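Below is one structure; the comments refer to it alone.
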Amino acid sequence: MSSIAEALASMIGADRVASDADALNARRYDQWAVKHLRDWRGETVPAPGCVVRPGSVEDVQKIVRLAAEKRVSLIPFGLGSGVCGGIEPTPDAILLDMSGMNRVRYCQTAFKRDPRSASKKDPLADMMGVC
């Protein structure tokens with residue numbers, strides 16, 4: 001995972017990528033009681049390979065593209081308030097900490113994509129609504 005973390009650091013800045021034990025342990029789970037119980041009982045609760053905190057839509061796009069290119073799992077993390085066990089990191093996954101994103105640029109209430117209007121240049125940007 002260190003090569004992925006290094007690639008991410010060079011793309012979006014080293015201050016936005018964390019792979020130290022404290023940062024990884026802080027993002028092992030959300031508020032799901034089962035994970036807290038497992039941790040309390042001393043069971044292994046895996047941490048992600050690295051935590052990235054994008055500062056812009058462009059950073060998110062770069063991270064998603066790298067994860068897709070390297071075929072690495074990408075786990076979105078909001079504020080960790082989920083209670084359904086949505087955070088299931090593995091040591092080979094990138095955890096995408098979205099807590100630094102503080103405004104809504106675009107909101108699409110229903111996803112309808114007409115393939116005739118898709119950009120051949122950057123289909124990911126079309127899907128994210130930032131073309």
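The values are calculated or read from the model by the stated rules, or taken from the named source; none is laboratory data. Everything quoted here is computed from the prediction, not taken from an experiment. Cβ sites come from the backbone with ideal geometry, for glycine too, and all protein chains shown count toward neighbours. For the accessible areas, the whole protein counts, side chains as well, though only heavy atoms, and no ligand, DNA or RNA atoms are used. Shrake-Rupley method; radii C 1.70, N 1.55, O 1.52, S 1.80 Å.
Note on segment 22-44: residues that are open to solvent by less than 70 Å² (accessible area, probe 1.4 Å) and modelled with pLDDT of 75 or more total 3.
If you go through segment 45-56, how many residues are open to solvent by 30 Å² or more (accessible area, probe 1.4 Å) and at pLDDT below 85?
From segment 45-56, those open to solvent by 30 Å² or more (accessible area, probe 1.4 Å) are 46, 53, 55-56; that's our starting set.
Add one more test, that the residue is at pLDDT below 85, and what stays is 46.
Looking only at that region, the number is 1.
For segment 14-27, the set of residues classified as without any contact (Cβ under 8 Å) to a residue 40 or more places away in the chain and closer than 14 Å to PRO54 by Cβ consists of ALA14, ASP15, VAL17, ALA18, listed by residue number.
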